[in-house]
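**Q** What follows is a single structure, and I will ask about it in a moment.
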């Protein structure tokens, strides 16, 4: 990607609604040596800042920007019982003054721990649907039903699928790729491969 191409992409992204939620740019750090002399560099997106950090902050900047543009007063999203995406959506809602509803797998525990505890401290309302975490279809149906209920109650919800993995959410990692290219240029790095974990696919799609 040339500097002209990067500037063109950023210009297009700047025209889109976006909420400033993440601490950017995240560091690009030298990693440990690998067999065969390969050099490893690590893009520290665990340091995005929002709700103790993680990659979802980049997606949520565009998703929440879209929600505010559309006049939403609440956010609805869905995930596994200890979903990082849900925890960070709860944090985003707290920052932006939006009510947050989280549809979660599993039964309601006797005491919240981990991401559920953090989400509740951020002010989110947790809705446990009882199904296993890998039953994504069942979870998404529950999200849609809750969204309809909140719409009927006048809560003006903006509904976000699992992982924030929509075309809008993926824009966060289009921007991240441009950021990474610029950091590599500054260090005269020419990576052969980018390795990324992928679940719901939004980060992968953006890159």
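Just so you know, all these numbers are worked out from the coordinates, no wet-lab data involved. Treat the numbers as computed from the prediction; the structure is a model and nothing was measured. Glycine also receives a Cβ, built like all others from the backbone with ideal geometry; neighbour counts cover every protein chain displayed.
**Q** If you take every DSSP beta bridge whose two residues both sit in segment 16-124, what share of them, in percent to the nearest 5, is antiparallel?
**A** In segment 16-124, approximately 35 percent of DSSP beta bridges are antiparallel ones.
**Q** Which value in deg cm²/dmol, rounded to the nearest 500, describes the helix-derived mean residue ellipticity at 222 nm for the chain, given -39,500 (n - 2.57) per DSSP H run of n ≥ 4 and division by the residue count?
**A** Counting only the DSSP helices, I get -13500 deg cm²/dmol.
**Q** Rounded to the nearest whole Å³, what is the per residue volume of the convex hull around the Cα atoms of segment 72-163?
**A** Hull volume over Cα atoms, normalised by residue count, gives 78 Å³.
**Q** Ok, one more. Rg and Dmax of segment 1-115, Cα atoms, in Å?
**A** Radius of gyration, then largest Cα-Cα span, for segment 1-115: 17.6, 55 Å.
**Q** Right, here's the next one. What whole-number volume per residue, in cubic angstrom, does the convex hull of the C-alpha atoms of the chain give?
**A** Roughly 129 Å³ of hull volume per residue.
**Q** Moving on. Full-extension gain between residue 188 and residue 135, please, as 0.36 nm times their residue separation minus the C-alpha to C-alpha distance.
**A** Value of the extension gain: 14.6 nm.
**Q** Relative to the longest principal axis of the chain, what angle (0 to 90°, nearest 10) does the C-alpha long axis of helix 3-14 take?
**A** 20 degrees
**Q** Okay, next question. Between the alpha-carbon centers of segment 173-201 and segment 2-20, tell me the distance in whole angstrom.
**A** 16 Å
**Q** Further question on the same structure: Roughly how many Å is it from the Cα centre of segment 124-143 to that of segment 33-103, as a whole number?
**A** 18 Å
**Q** Relative to 2.2 N^0.38 Å, what does the C-alpha radius of gyration of segment 1-47 come to as a ratio? Two decimals please.
**A** Taking the Cα Rg and dividing by 2.2 N^0.38 Å, one obtains 1.63.
**Q** Can you pull the one-decimal nm distance between simple spin-label points at residue 11 and residue 125, each 7 Å off the Cα toward Cβ?
**A** 4.5 nm
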